[in-house]
Amino acid sequence: MSALILGIETSCDECSASVLLDHQGLYPLSVSTFSQIKLHQPYGGVVPEVASRNHLEQIDIVVQEALMQAKVSASDLDAIAVTNRPGLIGALLVGVTAAKAIGYVHQKPLIPVHHLEGHLMSPFLSDSKSEPSLFQRIKYPAIALLVSGGHTQIHLIHNSPRTWKPDFLKTSLLGYSLDDAAGEAFDKTAKILGFPYPGGKWMDEASQKGNAQGYKLPRASKAIGEFNFSFSGLKTATLQLVDRIKKTQSLEGQTHHIAASVQEAILDPLLSNLILAVQKYSAQSVLLVGGVAANSRLRLRLKNELSDGLGIPVFFPDLKYCTDNAAMIAAAGAVRLCQGEALPPQDYLTLNAFASSEH
Ligand code: KG4
Ligand code: ZN
């Protein structure tokens with residue numbers, strides 16, 4: 001069996017479309033993404049109204065580009081998958097409305113996708129048909145660490161995504177951040193150090209020249225719950241540290257040491273909770289997903305501490321599939337299509353978008 005899916009993602013500040021082939025593996029034939037980062041940078045964060053207006057300008061362009069690059073037309077598609085939750089409501093509505101319009105005109109089924117399920121599907125994407133399918137390589141139970149700008153979660157995955165139920169994200173959740181997400185912690189501390197938005201990749205770069213033991217920063221206590229996280233104290237601690245340093249010397253010479261110390265304070269609880277979960281549930285594989293999965297130190301520590309240290313294989317998506325993209329949404333759509341969860345045109349005209357993760 002094989003299927004051709006158009007994925008659409010507009011939940012935050014990336015306007016993305018992708019055509020994916022589901023045939024003994026999940027193969028993106030094209031990904032077209034317009035990143036709004038430069039538009040939001042002057043404000044130090046995403047401005048929802050700016051985001052939705054720009055999605056409106058870009059959506060037709062990225063969809064046309066994705067179809068063209070994949071050398072297919074809308075009538076060739078088997079289904080359209082679109083992120084309809086959670087995210088910025090105005091931004092989501094642009095993608096959902098575009099998907100409904102394209103779907104209705106071409107009489108194609110539509111699959112509403114939870115953004116986080118998209119991230120969890122990202123390690124299953126493959127650019128090369130010559131490698132054995134990731135569906136065969138990833139063994140269960142698996143533990144997934146989902147680290148993005150909006151979420152930090154640990155999931156226990158019993159079976160292949162082909163069997164995931166609609167309430168999968170709720171039933172698999174072992175732990176989550178009680179306050180800031182890991183990406184948010186990177187972005188907020190980066191702002192204190194004077195890096196542009198989004199700060200995660202600048203913190204990653206600066207840390208490579210810094211001493212991670214240079215400054216002592218707090219880690220949340222275990223009292224917050226076995227697999228939970230808390231990063232809000234780190235922001236205040238970094239602010240106080242920077243104020244203290246500025247009193248005696250210029251911040252500039254210390255930025256990379258502070259960045260490396262902050263990065264380690266974010267990564268330590270991610271690694272320790274992950275290892276705890278792997279051991280408790282005898283996990284056979286680990287999946288690392290979300291924008292923060294692009295972090296080079298996190299990837300290295302996972303290799304050292306899990307793959308080499310415990311012999312547990314770690315699967316992370318290619319860098320281009322870590323941050324928000326429509327290929328992962330098409331991938332989640334592909335598995336949902338197989339499960340018979342696509343909506344026919346008469347059923348999706350009233351389909352809505354939801355800001356919250358609960359839907
Ligand atoms: O998954 P994503 O694109 O958007 C959400 O769904 O939130 O994640 C974006 C987050 C931002 O907080 C960004 O700073 C972080 O991923 N990020 C990184 C790196 N690259 C992106 N954080 C640490 N190191 C990186 N190399
Ligand atoms: Zn995301």
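Restricting attention to the range 1-51, report how many residues are assigned to a strand (DSSP E or B), surrounded by fewer than 24 Cβ atoms within 10 Å (Cβ to Cβ) and acidic (D, E). Before you say what the answer is, go through the steps one by one.
Taking the range 1-51 and keeping what is assigned to a strand (DSSP E or B), we get 3-9, 14-22, 26-35.
Those left that are additionally surrounded by fewer than 24 Cβ atoms within 10 Å (Cβ to Cβ): 3-4, 14, 21-22, 27, 29-30, 32-35.
Still in the running and acidic (D, E): 14, 22.
Number of matching residues: 2.
Those helices (runs of 4 or more DSSP H) of the range 141-259 in which at least 3 residues are in contact (Cβ under 8 Å) with a residue 60 or more places away in the chain and either buried (at least 22 other Cβ atoms within 10 Å of the Cβ) or of a type in the set (F, W, Y) (or both), considering only elements entirely within it, cover 182-192, 200-207.
Can you name the helices (runs of 4 or more DSSP H) wholly within the range 266-349 that have at least 1 residues being over 21 Å from S207 (Cα atoms)?
Numbers: elements: 296-302, 326-338, 345-348.
The helices (runs of 4 or more DSSP H) meeting that bar are 326-338, 345-348.
Every condition in (1) in contact (Cβ under 8 Å) with a residue 24 or more places away in the chain; (2) farther than 20 Å from R299 by Cα; (3) not in a strand (DSSP E or B) holds for I111 except the one numbered (3).
Pairing residues of the range 294-308 that are on the phi < 0 side of the Ramachandran plot with residues that are aromatic (F, W, Y) and not in a helix (DSSP H, G or I), at Cβ distances under 7 Å and at least 6 apart in sequence or on separate chains, gives R299/F316.
Any idea how many residues of the range 296-336 are of a type in the set (S, T, Y), away from ligand 2 (no atom under 13 Å from the Cβ) and in contact with a strand residue (DSSP E or B) (Cβ under 8 Å, 6 or more places away or on another chain)?
Total satisfying the criteria: 1.
Take the conditions surrounded by 15 or more Cβ atoms within 10 Å (Cβ to Cβ), free of Cβ contacts under 8 Å to residues at least 60 places away in the same chain and closer than 25 Å to T163 by Cα and apply them to I329. Does it pass?
no
The residue of the range 284-298 that is nearest to L116 (Cα to Cα), among those that are more than 9 Å from ligand 1 (Cβ to nearest atom) and surrounded by fewer than 24 Cβ atoms within 10 Å (Cβ to Cβ), is S285.
As a summary of the residue check, H106 satisfies the conditions (1) out of contact with any Ser or Thr (no Cβ under 7 Å at 6 or more places or on another chain); (2) free of Cβ contacts under 8 Å to residues at least 60 places away in the same chain except for the one numbered (1). Against the test of being at pLDDT 95 or above and either within 16 Å of ligand 1 (Cβ to nearest atom) or touching a Cys at 6+ places or on another chain (Cβ under 6 Å) (or both), the options L29, L56, L39 yield a single qualifying residue, L39.
From the list A260, A206, A223, A277, pick out the single residue that is at pLDDT 95 or above and within 20 Å of S177 (Cα to Cα).
The conditions single out A277.
The values are calculated or read from the model by the stated rules, or taken from the named source; none is laboratory data. What you are looking at is a predicted structure, and each value in this text was computed from that prediction instead of being measured. All Cβ positions, even for glycine, are placed from backbone atoms using ideal geometry, and neighbour counts span all protein chains on display.
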